[in-house]
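In what follows, a single structure is set out as structure tokens and then discussed.
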Amino acid sequence: MGRLGEQCSSRLRVGAVISFLILLLARITPAQTAPVSPQHSWHGPEERRIQSEAKNFSEATLELDPGRTCTLPELIDLAESHNPETRVAWERARAQAAAWGVARSELYPTVAAAALAGVDRDQAYQGDRFFRHTIGDFEVVLNLNYTIFDFGARAGRISAAKAEALAANFAFNDTHREVIYRVEQAYYQLLSASGQEEAARANLSNAQAVQQAAEERLDHGLATLPDVLEARSATAQAEYELQAVLGAEEIAHGNLATALGATPQTAFRVQPLRELAIPATIKDTVNSAMDRALAQRPDLLERVADVQAAKAKVKEARAAYYPSLNFTASPTAQSLYGLQQQLPWGQTAGLAGGMALKLNWTVFDGRARKSRLAQAEAGVHEAEAQIRVSRDQIANEVWAAYSDLNTALRQREAATALLEAAGRSYDAALESYNYGLRNLLDVTAAQRTLAQARSTDVLARTSVLTTLAALAFRAGDSIQLNAMRPTP
């Protein structure tokens with residue numbers, strides 16, 4: 001009894017030490033708290049730790065040659081390689097492919113191995129005495145599990161995972177489509193801003209020419225001071241508009257750099273708008289564009305993959321009505337060592353374990369299987385209805401893009417005629433003013449009309465390119481290897 005008392009006392013001391021350590025750690029470890037009041041922002045030690053970790057994430061490292069002129073295909077290739085959104089979509093697709101591999105692993109048995117070792121010491125009472133004995137146990141266990149049949153439950157899960165992997169791949173393609181379109185839009189936005197800058201500088205030059213003519217006529221007594229002031233006002237207005245255009249151009253440059261996956265301040269050059277060929281007609285029909293969109297749009301194909309995944313889940317839900325048969329085997333290599341007080345060591349070893357077949361069949365579950373099957377079938381109907389919604393939306397998007405392109409082409413013709421007429425009108429008005437046949441108000445009006453015509457011409461040219469890119473985006477052509485891309 002004395003030995004038992006010592007053991008109990010030792011256990012109590014160990015328990016007291018453990019309790020003290022737990023209480024001490026609880027006092028040392030700071031608790032996560034919420035902001036103390038709604039009136040002030042929160043700042044705490046965790047904020048500084050997060051800020052320190054945020055510095056470890058490097059910025060975009062894409063660097064471009066400032067002296068090199070980049071074309072649109074080159075910019076698209078850079079964006080597909082460096083835009084982080086493509087990396088995000090790629091990792092999601094890889095994760096879904098790994099999930100498919102996990103589902104397929106159910107076709108094979110699982111084997112687990114474990115090595116166990118332990119020593120047990122106890123007091124055995126025999127006769128009028130207690131005898132101490134020690135037993136050492138060493139085991140190596142293999143556990144094998146295999147589902148022999150389950151009436152299609154595994155096949156349903158594998159098919160669902162495969163369809164979800166395909167859907168992730170189509171989502172990856174759609175991310176590329178979105179990135180390409182964003183680059184094209186930013187590229188044409190930058191071209192438009194650059195074209196507007198050229199137009200604004202030409203307008204400023206015209207305004208300065210008119211001002212110089214007015215001041216020369218004033219010096220010769222052929223003009224009045226209000227005419228000169230009007231000319232100076234027009235020059236100041238042209239300078240103001242030029243500065244606004246320069247600011248828009250800087251923003252457009254930053255938008256394109258961000259679409260490429262670079263920092264907004266990255267320096268690079270693009271082809272000017274005057275070097276790009278503007279198509280005059282559409283070689284495609286709206287019906288063929290719709291047919292291509294309905295056949296190759298990755299977002300629509302993703303919806304089709306969703307239908308396949310939903311049907312596979314129906315197959316899995318139906319399999320729950322039938323039994324499943326599992327096989328289990330657990331061979332064990334065991335070695336035992338024993339020592340009893342006043343007796344020599346003893347040892348035995350052998351192979352133990354067992355095998356079993358297990359048949360599982362749910363007889364009653366409160367109609368849970370029926371509800372799961374109805375839920376899965378509703379998912380199929382929902383996915384099929386979503387395809388019809390997507391098809392209608394895609395057809396409308398292609399129709400609108402095709403109409404916008406036709407409108408842009410017609411506006412381009414009108415803008416060309418307007419620019420030619422406004423240029424001739426300005427030249428004639430300025431020449432007549434120099435000969436004293438027109439007043440300054442006529443010249444400044446012609447100059448403003450020419451400025452507006454130049455801006456309209458730039459907008460019309462970039463609008464054709466933008467709407468052409470939008471049609472390729474809506475039809476899904478931008479990600480096809482042999483697709484008709486908007487060509488400068």
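Read-outs throughout are calculated quantities, based only on the coordinates presented, and are distinct from any laboratory measurement. Here the structure is a predicted model, which is why all the values come from computation and not from measurement. Cβ coordinates were reconstructed from backbone atoms using ideal geometry, including for glycine residues, and neighbour counts include every protein chain displayed.
For the chain, taking Cα atoms only, Rg and Dmax work out to 39.7, 143 Å respectively. Relative protection proxy for 202-214, 407-419, from highest mean packing down: 202-214, 407-419 (other beta-carbon atoms within 10 angstrom). Over the range 389-488, Cα pairs under 8 Å with separation of 6+ residues give a relative contact order of 37 percent.
The helix-only estimate of mean residue ellipticity at 222 nm for the chain, built from DSSP H runs of length n ≥ 4 each weighted as -39500 (n - 2.57), is -23000 deg cm²/dmol after division by the residue total. Summarising the amide proton neighbourhood of C70: residues at separation of 5 or more, or on other chains, whose placed amide H is nearer than 5 Å comprise R269, V270, Q271.
Computed over the range 314-369, the Cα gyration tensor eigenvalues convert (square root of 5λ each) into semi-axes of 48, 13, 7 Å, ordered from largest to smallest.
Taking 13 Å as the cut-off, the amide N atoms of the range 331-352 that come nearer than this to a point 7 Å along the Cα-to-beta-carbon line of Q126 belong to 339-346. Across the range 349-409, the convex hull enclosing all Cα atoms gives 194 Å³ per residue.
Hull surface divided by four, with the convex hull built on the Cα atoms of the range 385-488: how many nm²?
Working: hull surface 34.3 nm².
Over all viewing directions, the range 385-488 projects a mean Cα-hull area of 8.6 nm².
Using alpha carbons only, how many degrees (0 to 90, rounded to 10) separate the axis of helix 153-219 from the longest principal axis of the chain? Compared with the principal axis, the helix lies near 20 degrees. Of the peptides 365-375, 244-254, the ranking by mean beta-carbon count within 10 Å, highest at the top, reads 244-254, 365-375. Across q = 0.14, 0.19 Å⁻¹, the range 332-460 modelled as identical point scatterers on its alpha-carbon atoms has Debye log10 I(q)/I(0) values of -0.89, -1.08, in the order of the q list. Computing FRET efficiency as 1/(1 + (r/R0)^6) for A295 and Q375, where r is the C-beta to C-beta distance and R0 is 35 Å, gives about 0.65.
Would you calculate the volume per residue, in Å³, of the smallest convex hull containing every Cα atom of the range 263-420? List each step's numbers first, then the result.
Numbers: hull volume 59.9 nm³, N = 158.
Enclosed volume per residue, from the Cα hull, is 379 Å³.
Fully extending the segment from R104 to E53, taken as 0.36 nm per residue of separation minus the present Cα-Cα distance, adds 14.6 nm. Each peptide in 391-403, 459-471 was scored by the mean count of other Cβ atoms within 10 Å over its residues; highest first, the order is 459-471, 391-403. For the range 368-384, the Karplus equation 6.51 cos²θ - 1.76 cosθ + 1.60, evaluated at θ = phi - 60°, returns couplings of 5, 4, 5, 5, 5, 5, 5, 5, 5, 5, 5, x, 5, 4, 5, 5, 5 Hz by residue, with Gly and Pro reported as x. Between A277 and S233, the contour length at 0.36 nm per residue exceeds the Cα-Cα span by 12.2 nm.
Just round it to a whole percent: the fraction of Cα-Cα distances in the range 58-203 exceeding 17 Å.
78 percent
Which three numbers, in whole Å and largest first, are the semi-axes of the equivalent ellipsoid of the range 138-245 derived from its Cα gyration tensor as √(5λ)? Mind showing how you got there, number by number?
Values: eigenvalues 1262, 39, 14 Å².
Each semi-axis is √(5λ); the values are 79, 14, 8 Å.
Amide H contacts of F130: none lie under 5 Å away among residues 5 or more positions distant or on a separate chain (H built 1.01 Å from N in the peptide plane; Pro and chain starts excluded).
How high is the FRET efficiency from A117 to T362, r the C-beta distance, R0 45 Å, rounded to 0.05?
Efficiency computed from Cβ-Cβ geometry: 0.70.
Could you compute Rg(Cα) / (2.2 N^0.38 Å) for the range 204-290, with N its residue count?
1.85
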